[in-house]
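First up is the structure itself, then whatever we jot down about it.
The values are calculated or read from the model by the stated rules, or taken from the named source; none is laboratory data. Not measured: the values here are computed from a predicted model. Cβ: placed from backbone, ideal geometry, glycine included. Neighbour counts: every protein chain shown.
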Amino acid sequence: MSELLRAPGRGAEGLTDHLRGRWSVSVFDATHTLGEEEIAALLHAAQWAPSAGNGQPWAFVVAERGNAAHQVLVRHLSRGNSGWVPRASVVFLALAQVAADEEGNGPKWPTYSYYDVGQAAAHLSVQAASMGLWVHQFAGFDQEAVARELGVPAHFQLLTGIAVGARGSHQDVSEDDAARERRDRVRKPLEQFVFGERWGEPWRVEG
């Protein structure tokens, strides 16, 4: 499939290539692996994301294809994700610290933790794009079961998975999984969610 067909529509022309070319791949190369230095680079990108009061209320479990954490995740994937997620080279399970730990340590403003974890995930995703890798973030799995089996403490909440790897061939996957990548990319126009002088009044830029 031509990458040009995946390019965003009007309004994205001025974005950096790492954002303009971003889309959620569903066909990963099941033979591709990532080395420790590559995985560390992705995690360092998340590490240096901004956070409220520098609280850094995030944590990640590195579920490399075939390791124990990966096996736990695969057992609890939703039906729709069970075909494509296991093919990714690695899945980063993203968690937010939403309360203080047993010693009273935690983010100063835990209500911002979800926002901050999103920042860390975005940084990781852009770093992956700069390394020629592809990312698909997902929430279709039993978070409570996975957290329980991995021993996640109560002051952390497991949120999402971030699948990373190299693109594979549509011939190696089911038609349903291949069809995910043929969907048109659409986004709401700015006037539906960007307001100017008051709520409901669109800001001046269209597209």
Which is modelled with pLDDT of 95 or more, closer than 25 Å to residue 35 by Cα and assigned to a helix (DSSP H, G or I), of 135, 126?
126
(1) hydrophobic (A, V, I, L, M, F, W, C); (2) loosely packed, with under 14 Cβ neighbours inside 10 Å; (3) in contact with a Lys or Arg (Cβ under 6 Å, 6 or more places away or on another chain) all hold for residue 186 apart from (3)
Residue 8 passes all but one of the listed conditions (1) surrounded by 13 or more Cβ atoms within 10 Å (Cβ to Cβ); (2) modelled with pLDDT of 95 or more; (3) over 20 Å from residue 164 (Cα atoms); the exception is number (2)
Quick check, is residue 152 assigned to a loop (DSSP other than H, G, I, E, B), at pLDDT 95 or above, closer than 21 Å to residue 66 by Cα and not acidic (Asp, Glu)?
yes
Would you pick out the residues in the range 148-172 that are over 17 Å from the mean Cα position of the chain (by Cα), closer than 28 Å to residue 111 by Cα and in contact (Cβ under 8 Å) with a residue 40 or more places away in the chain?
149, 150, 152, 153, 154, 155, 156
Filtering the range 175-207 down to residues that are of a type outside the set (D, E, K, R), part of a loop (DSSP other than H, G, I, E, B) and under 25 Å from residue 21 (Cβ atoms) yields 186, 189, 193, 194, 205, 207
Screening 178, 145, 139 for residues that are loosely packed, with under 13 Cβ neighbours inside 10 Å and either under 18 Å from residue 86 (Cβ atoms) or among the aliphatic types (A, V, I, L, M) (or both) leaves only 139
List pairs: first in the range 14-26 and of a type outside the set (S, T, N, Q), second assigned to a helix (DSSP H, G or I) and modelled with pLDDT under 85, Cβ under 6 Å, 6+ apart or cross-chain?
23/6
Among the candidates 134, 84, 109, which residue alone is out of contact with any Asp or Glu (no Cβ under 6 Å at 6 or more places or on another chain) and surrounded by 19 or more Cβ atoms within 10 Å (Cβ to Cβ)?
134
Wholly inside the range 1-93, helices (runs of 4 or more DSSP H) that include 1 or more residues that are of a type in the set (Asp, Glu) are 17-20, 36-47
